[in-house]
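K.L.:
Before anything else, here's the structure in question.
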Amino acid sequence: MTSRSHAEPSPSTDAHRIVVIGAGMVAHRFVESLLSRGDAPWRIAVIGDEPRAPYDRVGLTSWFEGRAAEDLALDAASLSDPRVELVTGDAATFIDRGGRIVTTSARRRYEYDTLVLATGSYAARPAIDGSHLPGTFVYRTIDDLEDITAFVRQRSAELGRPLRGTVVGGGLLGLEAAGALQGLEVDCTVIHSGTHLLSAQIDRAGGEVLGRLIRERDIRIRTESRATRVAPGPEGAVAALEFPDGSYEESDLVIFTVGVRPNDSLARDAGLDAEPRGGVRIDDGCATNDPSVLAIGEVASHGGRSVGLVAPGYAMAEVAADRLCGGESTFPGFDESTKLKLSGVDVASFGDAFAASPNALDVVFSDPVGGTYKKLVLSDDAKTLLGGVLVGDASAYGSLRPLVGGPLGGDPSAYLMPSDGVAAPTGDLPDEAIVCSCSSVTAGRIRGAVHEDGCADADEVKACTRAGATCGSCFVMVKKLVGKELTSLGKTVSNALCEHFEMSRRQLFDAVRVAELTTFTQIIERFGHGRGCDVCKPTVASILSGLVGEHVLDGENATLQDTNDHVMANMQKDGSYSVVPRMPGGEVTPEGLVVIGSVAKKYGLYTKLTGGQRIDMFGARLEQLPLIWRELVDAGFESGQAYGKSLRTVKSCVGSTWCRYGVLDAVGMAVNLELRYRGLRSPHKLKLGVSGCARECAEARGKDVGVIAAENGWNMYVGGNGGFTPRHAELLSEGLSNAELIRAIDRFFMYYIRTADRLQRTAPWVQELEGGLDGLREVIFEDSLGICDDLDAAMARHVAGYQDEWAATLEDPDKLRRFHSFVNAPDTPDPSLAYVSERDQVRPASVEERESGAVIIAGTTLEVRR
Amino acid sequence: MTVQTATMPQSSRAGALVDVCAVTDLETERGRAALLPDGTQVALFLLPDGAVRVVSNCDPYAGANVLSRGIVGTRLVADGTETPTIASPLHKQVWDLRTGEVLETHGREARHLPVHAVEIDGGRVLIGEAETR
Ligand code: SRM
Ligand SMILES: Cc1cc2nc3c(=O)[nH]c(=O)nc-3n(C[C@H](O)[C@H](O)[C@H](O)COP(=O)(O)OP(=O)(O)OC[C@H]3O[C@@H](n4cnc5c(N)ncnc54)[C@H](O)[C@@H]3O)c2cc1C
Ligand code: SF4
Ligand code: FES
């Protein structure tokens, strides 16, 4: 029990005496607000039964992330004002309304002119046997967390193993508690009586996506089940939960998060009106039926309801303070918008999330692959935003919530795209829109903080306005507003994909997929601006090829391709091209070699074996490409896609067919795989390797997918890479049959194509995957996302739709026109090309060689002589 | 600076103009190269608004005649307008198609492009001499 600047109740002075019961978040806000309204000689006593000054209960769980109890403390400035007396560790036990006196358990007496009840709520325990056994907890105060931590430490030491824990109640608090238990290395199950998690906030479809995200984090979930008893073990502590069907779930610890009840007994005893289901009745001015007693925060019931959120409590605190200063403000009613704060799982609901309003419309975007579900609820004319649910990606929450009740001002689907960048309304929020509902900070105030108060970043704005300082859910929005204002002052640069699109490749992929767009023009008009550039155009081309799967040179989309894709060859330093026919698995017949040799000879091309086990011919001119490919296609070759962000090669060793160590047919499998995935466009190039035994001559583990034969089948490795950041592929699965291997690679590739970022190879993608390799295994082999049918179907479409780009181009006169060297001289070679001889082949002449002229053996008009 | 000269009376510049192709030979936002009588190469670009822009085909950094094979785009420039651009297929430097000014050097020194005056007459594209900045 402590009392700062405690004085015995002094005889009444002219100062208005205010007693606040409860020293929680809302009490704190009330005192702060009152003091900020001028220098009136208030005498304020705040009585709290917790052993510490008011702290950030909303941020309670961060205590487990190492935030010390002191760090959670709310700003102490107002409490150290000489007009304020804070009492901690002492409970108010009696209110004498006639004498206007409050008595505490330490027998302190406080006289008041106005009494403010801010006693909050307590966490309920269900009325079942054993709900108070050692090892059962609630989750409300810092003390609760200290108790839980101490118990976990001691009990796991006693048992000599990690603990199993159960959270009863799958609401917002339950999930936070489950995350906290996991942090304490307790193996955790959440039991929920509803059909899905967060059933009070989000609809079933959203709940199911959420369920998957939670399971991915290794938290087990049991819905539609209620424990009937908590059973003790031999030493009396919790050992199991019992269910109605008689089944048991072993558990060393139970946290109840089944709801909160207003702390209204003190008020009831004092004869104040309270709701039968709990909560002290207040009017719009926060007064109870006794005008000198106000109630604010979770203890108060307005319109028959109490709500367990801090924002309405803060709003009440402001109203109460204003009323005491003679103001007329009224409590606007409850905003039940909430955001879950479980790291790595994004969930938010706001406004009319269940579409309860008459004739409300839903717009739903669901992406099981990415684990997102989003729903907007709109008025029947689809113009007014009524509410919504965001699961998996709640980045739009901050920008959508302030729009509730107002016009959406745009295409609803644009708000649902997986981006925090797309949320178009951001910069356009009216100045009066409330961005931070915890602290009632408007967009205008935030803009002012940048312009007038000179804040240089979002953190400074947070410190200055308190926007984003409480639950944090609006902070993304605050950042965006600040970013926009700073940009207008010329202070920051955008970090979007490029100046034309504010999205990442993945976001754009989903946006295009959902909006079912098929051309660049449609896409940039809808989601970007301007006419694109060398970054976004090829990105869009790659996205469209994944979704629409047309020939790279079809229609407008041809203009999106960089020259390599445009002419289906790799441009070299002098503007000539290289030609790489596919040689699946590195296998080539003597006849094939003869054709390559004669083509190279005829067109004077430099030839070399590549690092990908095939042959490259260099120095082909634009207008020669169709001629060269005509000969190659006629001889049975097809494009090797050495230019595309697509499958390159499947490297192989000779395997069991020839090698004395080989255990399986590596070449056969490599050829098979190369033919299956040829032409598959992806965020970056794809390479595979197949080795016939563990000696690994094909260097398969340096590839995106490495396949290595073993006695009991194929071992599959993923995420390997050569190049700039070499990395060995890691084992995904062992002992696969041919069919199992192919299905696993199909899924791996399709999952990657759908979710990776622009120019992100599989190695960094795998490293960043949530859930790591285990998660990937679950997706591929256990269908944990329920998307395998989709992925399989997408790959089947690719395989069935494959056509050789070069063969198709040769049949199309329109496409062939693109190979004319000059629009006014279609067959004239580029006169600036010049070559010299080196080791009996040609190479581009250097600048000096060109200038001297002497060493040039072949201009484009001359035949190469050796 | 190049001006779209479609409205300019043809006679005033007739001597300097070379007819290289029909507008319909060009593809929107994809360049084509043309060879001028003196052996220089130009890159022609038909833009979505129907304008034709012509710059040298030679990438001044690489010394190769490749600009007609780059990606056409737009970029917001200092005066707040969207200007049409061309990116080199070799090392992605970017130039303003209206002025030839280099907008992205990727760390190299600035090297601008010569631009050519263009006239469109009877559906034909006529190209004037290079106007170096
Ligand atoms: C031709 C070849 C070198 C050779 O003569 O052997 C080659 C040539 C090029 N490589 Fe490569 N790479 C070639 C095998 C490799 C290999 C070895 C392999 O595939 O087993 C690697 C390391 C393995 C890997 O990819 O993880 C390799 C790692 C790279 C990288 C780095 C990739 C990375 O993730 O860090 C690049 C740069 C890029 O793609 O962004 C690159 C890019 C290039 C480009 C496309 C550079 C360019 O933009 O011009 C070269 C043009 C090819 C052309 O003009 O035809 N090349 N390159 C090889 C063609 C293989 C083929 O048959 O398709
Ligand atoms: C883990 C957790 C996470 C949360 N996350 C969010 C969130 O993300 N968003 C959100 O809006 N809300 C969240 N909340 C709810 C939020 O914390 C409450 O809405 C808010 O704290 C209510 O403030 P209050 O002042 O009304 O009550 P409280 O903060 O509970 O304060 C009441 C205080 O009064 C004391 N008291 C009670 N009776 C007496 C008495 N007779 N004498 C003296 N003192 C007494 C209590 O011990 C308590 O300290 C969360 C709550 C928890 C526990
Ligand atoms: S990997 Fe094994 S089977 Fe293949 S070539 Fe090397 S030793 Fe032979
Ligand atoms: S809305 Fe909670 S901190 Fe802003």
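Read-outs: derived from the displayed coordinates by stated rules, not from any lab. Not measured: the values here are computed from a predicted model. Virtual Cβ from ideal backbone geometry, glycine too; neighbours counted across all protein chains shown.
K.L.:
For the stretch A:681-743, what are the per-bin percents of Cα-Cα distances with bins 5 Å wide, up to the bin holding the maximum?
P.N.:
Per 5 Å bin, starting at zero, the Cα-Cα P(r) for the stretch A:681-743 comes out as 5, 20, 28, 26, 13, 6, 2 percent.
K.L.:
Sorted from largest down, give the three principal axis spans of the alpha carbons of the stretch A:516-584, whole angstrom values.
P.N.:
Projected onto its principal axes, the Cα set of the stretch A:516-584 covers 39, 28, 17 Å.
K.L.:
Okay, next question. Using alpha carbons only, how many angstrom separate the centre of the stretch A:725-768 from the centre of the stretch A:159-194?
P.N.:
32
K.L.:
Still on this structure, please answer the following. Expressed as a rounded percentage, what relative contact order does chain A have, with Cα pairs under 8 Å and six or more residues apart?
P.N.:
Relative contact order, chain A: 7 percent.
K.L.:
So what's the Cα pair-distance distribution over the stretch A:1-155, bin width 5 Å, in %?
P.N.:
Going from the shortest bin to the longest, the percentages are 2, 8, 17, 19, 17, 14, 9, 7, 4, 2, 1, 0.
K.L.:
Given an 8 Å cut-off on Cα distances and at least 6 residues of separation, report the relative contact order of the stretch A:683-730 as a percent.
P.N.:
30
K.L.:
Which residues in the stretch A:624-649 have a backbone N closer than 13 Å to a point placed 7 Å from the Cα of A:S598 along the Cα-to-Cβ line?
P.N.:
Residues A:631-636 qualify, since their backbone N sits under 13 Å from the label point.
K.L.:
Turning to a different aspect of this structure: Averaged across B:56-68, how many Cβ atoms of other chains sit within 10 Å of each residue's Cβ atom?
P.N.:
4
K.L.:
To continue, here is another question. About the Cα centre of the protein assembly as shown, how large is the charge dipole given +1 on each Lys and Arg Cβ and -1 on each Asp and Glu Cβ? Please answer in debye to the nearest 20.
P.N.:
Computed about the Cα centre, the dipole is about 1500 debye.
K.L.:
While we're on this one: DSSP loop GluC sites (Glu not before Pro) in the stretch A:523-579 with at most 16 other Cβ atoms within 10 Å of their Cβ, which ones?
P.N.:
Filter output for the stretch A:523-579: A:E550.
K.L.:
For the stretch A:540-675, evaluate the Debye formula with one uniform point scatterer on each Cα (no solvent term) and list log10 I(q)/I(0) at q = 0.13 Å⁻¹, rounded to two decimals.
P.N.:
Normalising to I(0) and taking log10 leaves -0.62.
K.L.:
Just report the Cα centroid separation between the stretch A:640-667 and the stretch A:354-401, whole Å.
P.N.:
The stretch A:640-667 and the stretch A:354-401 have Cα centres spaced 48 Å from each other.
K.L.:
Further, regarding this structure: Once every Cα of the protein assembly as shown carries one equal point scatterer and solvent is ignored, give the base-10 log of I(q)/I(0) from the Debye formula at q = 0.07, 0.08, 0.10 Å⁻¹, two decimals.
P.N.:
For the protein assembly as shown, the Cα-only Debye profile gives -0.77, -0.92, -1.20.
K.L.:
Another question, then. Using a 10 Å Cβ count of at most 11 others and DSSP loop calls, identify the longest part of chain A lacking such chymotrypsin sites (Phe, Trp or Tyr not before Pro).
P.N.:
The reported range is A:1-657.
K.L.:
May I pose another question? If you take the beta carbon distance between A:R215 and A:A91 as r and set R0 to 45 Å, what does 1/(1 + (r/R0)^6) give as a FRET efficiency, to the nearest 0.05?
P.N.:
The computed FRET efficiency comes out at 0.60.
K.L.:
Looking only at other chains, what is the average number of their beta-carbon atoms within 10 angstrom of each beta-carbon in A:570-576?
P.N.:
Counting other chains' Cβ atoms within 10 Å and averaging over A:570-576 gives 5.
K.L.:
In addition: Please give, to one decimal in nm, the separation of the simple spin-label points placed at A:V836 and A:Q522, each 7 Å out from Cα toward the Cβ.
P.N.:
Inter-label distance under the simple model: 5.4 nm.
K.L.:
How many nm is it between the label spots at A:D144 and A:V548, if each spot is 7 Å from the Cα in line with the beta carbon?
P.N.:
Between A:D144 and A:V548, the simple spin-label model gives 5.4 nm.
K.L.:
Computed on alpha carbon atoms, what radius of gyration and Dmax characterise the stretch A:112-235, expressed in Å?
P.N.:
16.4, 58
K.L.:
Still on this structure, please answer the following. Sequence-distant or interchain residues sharing an amide H contact under 5 Å with A:T649, placed H: which?
P.N.:
So A:T649 has HN proximity to A:L688.
K.L.:
What Rg and what Dmax come out for the stretch A:178-234 when only alpha-carbon atoms are used, in angstroms?
P.N.:
When restricted to the Cα atoms of the stretch A:178-234, Rg and Dmax are 12.7, 42 Å.
K.L.:
Separate question: Mind jotting down the three principal axis lengths of the stretch A:664-812 based on Cα atoms? Whole angstrom, largest first.
P.N.:
47, 33, 33
K.L.:
Whole percent per 5 Å bin, from 0 to the bin with the longest distance: what is P(r) over all C-alpha pairs of the stretch A:757-800?
P.N.:
Going from the shortest bin to the longest, the percentages are 6, 20, 18, 21, 27, 7, 1.
K.L.:
Return the loop-located GluC sites (Glu not before Pro) in the stretch A:9-81 (DSSP other than H, G, I, E, B) with at most 12 other Cβ atoms within 10 Å of their own Cβ; answer none if there are none.
P.N.:
Sites meeting the loop and neighbour criteria: A:E65.
K.L.:
Under the Kirkwood approximation for Rh and a Cα-based Rg, what ratio Rg/Rh is obtained for chain B?
P.N.:
0.95
K.L.:
Calculated FRET efficiency, A:D75 and A:K383, Cβ-Cβ r, R0 41 Å, to nearest 0.05?
P.N.:
Here the calculated transfer efficiency is 0.50.
K.L.:
Also: Taking amide H positions as placed 1.01 Å from N in the peptide plane, with prolines and chain starts having none, which residues 5 or more places from B:A64, or on another chain, fall under 5 Å of its amide H?
P.N.:
B:D59
K.L.:
Shifting gears a bit: Once you have the Cα-Cα distance between A:S193 and A:N359, take 0.36 nm times their residue separation minus that, and quote the gain in nm to one decimal.
P.N.:
That pair, A:S193 and A:N359, stretches by 56.8 nm at full extension.
K.L.:
Could you tell me the calculated FRET efficiency between A:R204 and A:E65, based on Cβ-Cβ distance and R0 = 30 angstrom, to the nearest 0.05?
P.N.:
0.45
K.L.:
Another one. For A:G405, list long-range residues whose amide hydrogen, built 1.01 Å from N in the peptide plane, is under 5 Å from its own amide hydrogen.
P.N.:
A:L385, A:L386
K.L.:
Could you grab the relative contact order for the stretch B:60-109? Cα pairs under 8 Å, six or more apart, rounded to a whole percent.
P.N.:
Here the relative contact order equals 25 percent.
K.L.:
Here's a follow-up. For the stretch A:164-286, take the alpha-carbon Rg, divide it by the Kirkwood Rh, and send me Rg/Rh.
P.N.:
We get a ratio of 1.08 for the stretch A:164-286.
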